[in-house]
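Report on one structure; see the data block that follows.
The values are calculated or read from the model by the stated rules, or taken from the named source; none is laboratory data. Note that the coordinates shown come from a computational prediction; the quantities given were computed from them, not determined experimentally. Reconstructed Cβ throughout: ideal geometry from the backbone, glycine too, with neighbour counts over all protein chains shown.
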Amino acid sequence: MAKELGMAPQVFGGEHHSGRAARPLWTAMKRGLLGRCPRCGEGKLFRAFTKTVDKCDVCGEELHHHRADDLPAYLVIVIVGHIVLGAFMGVEATSTLSTWQHIAIWVPLTILLAVALLQPVKGAVIGLQWALYMHGFGGEEDRIESHPEA
């Protein structure tokens, strides 16, 4: 219909409107998930368990200004909750374990999954922010808005 009216098709969001080159979203998230720099995929993203490097040793991309905040933890809670709850319900429907047996299975599994997923999920969130030019990855400073006291 847009072509019939001589109008350009509408593109929502992304770099079409900003004039900046599009960055590969899924590639950047996958690189972050693997603990690599979202830009080049070669440099390490983390210097400690959840502490990011200030900049990539390979390509020089600055990573210190990311703002993953609590999103990785929230995502891990949702992912682990779905896995553990689904598995628990499946086991409960097919067997008769005691409460202590359930505790011995599900508590360690929940802790292990949460710890194992936290760094990859944080890396993917940083990759998402890099690909979408968020929080300083576009060369600008984050604008902090102040709210006047009422």
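Just to check your reading of the model, which residue among Thr50, Thr94 is exposed (fewer than 15 other Cβ atoms within 10 Å of the Cβ) and either of a type in the set (A, V, I, L, M) or touching a Lys or Arg at 6+ places or on another chain (Cβ under 9 Å) (or both)? None of the other options fit; the residue is Thr50. Quick test for you: out of His64, His82, pick the one residue that is within 17 Å of Ala28 (Cα to Cα), out of contact with any Phe, Trp or Tyr (no Cβ under 8 Å at 6 or more places or on another chain) and surrounded by fewer than 11 Cβ atoms within 10 Å (Cβ to Cβ). Just a single option satisfies the conditions, and that option is His64. Just one of the numbered conditions (1) more than 18 Å from Val125 (Cα to Cα); (2) modelled with pLDDT under 95; (3) touching a helix residue (DSSP H, G or I) at 6+ places or on another chain (Cβ under 9 Å); (4) not β-branched (Val, Ile, Thr) is not true of Ala87: (2).
Please specify each residue of the range 52-101 satisfying the condition of being assigned to a helix (DSSP H, G or I) and touching a His at 6+ places or on another chain (Cβ under 9 Å).
Restricting attention to the range 52-101, the residues satisfying the condition of being assigned to a helix (DSSP H, G or I) are 71-94, 99-101.
Phe88, Val91, Glu92, listed by residue number.
So which residues in the range 116-150 are at pLDDT 55 or above, part of a loop (DSSP other than H, G, I, E, B) and more than 20 Å from Arg20 (Cα to Cα)? Correct list: Pro148, Glu149. A search for C-beta distances below 8 Å between a residue of the range 67-83 that is in contact (Cβ under 8 Å) with a residue 24 or more places away in the chain and any residue that is hydroxyl-bearing (Ser, Thr, Tyr) and surrounded by 15 or more Cβ atoms within 10 Å (Cβ to Cβ), counting only pairs 6+ apart in sequence or on different chains, returns Val80/Thr110.
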